[in-house]
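**Student:** Before we start, here is the structure in question, set down as structure tokens.
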Amino acid sequence: MCYSYSKFLLYSSSLIGISALIAYIMNDLYVSVYLILLFLTSINYWRKAEYGLRRNIDLTAVSIGALYTLLNLVLLKDEFHRVGLLIIFFCCFVFFILEHILSYCDSPKWIIFHMMLHIYFACGTLLVIFD
């Protein structure tokens, strides 16, 4: 992917760094360490997006985070946060499907939906932090 497209994904994945900073300020050590690692793997991949080891590491980090968030979804005490995370997961699932459909059709508009995934993930982690 050329940099003129991947730069938008690089910028949107930077929001994860802001979530990491907030998690650190809130003294949530595990979430802040994970978000810092995810931020680094995401930035490392999107600075020069190409298939390979960097992409696989980023996908593994995202998968671990999705599982952790789903586990927290079950453990959350506050129903407001639980419903908020469910809505974010549903939206992310729809964005994921639309992204893959557009990517299959060779439409560069898939980037918009992937950027939305970055934005929604950064917001979703805030719901886990502030529970």
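**Student:** Bin width 10 Å, alpha-carbon pairs only: give the P(r) of segment 1-56 as whole percents, running from 0 to the bin holding the largest distance.
**Tutor:** Final binned percentages: 27, 44, 23, 6.
**Student:** If contacts are Cα pairs under 8 angstrom and at least 6 residues apart, what is the relative contact order of the chain in percent? Provide the component values of the computation, followed by the final result.
**Tutor:** Numbers: 133 pairs, mean separation 41.9, N = 131.
Dividing the mean separation by the residue count of the chain yields 32 percent.
**Student:** Suppose only helical runs count, i.e. DSSP H with n ≥ 4. What mean residue ellipticity at 222 nm does that imply for the chain under -39500 (n - 2.57) per run, divided by all residues and rounded to the nearest 500 deg cm²/dmol?
**Tutor:** Numbers: 6 runs with 109 residues, N = 131.
Value at 222 nm, helices only: -28000 deg cm²/dmol.
Read-outs throughout are calculated quantities, based only on the coordinates presented, and are distinct from any laboratory measurement. Bear in mind that the values here come from a model prediction, so they are computed numbers and not experimental data.
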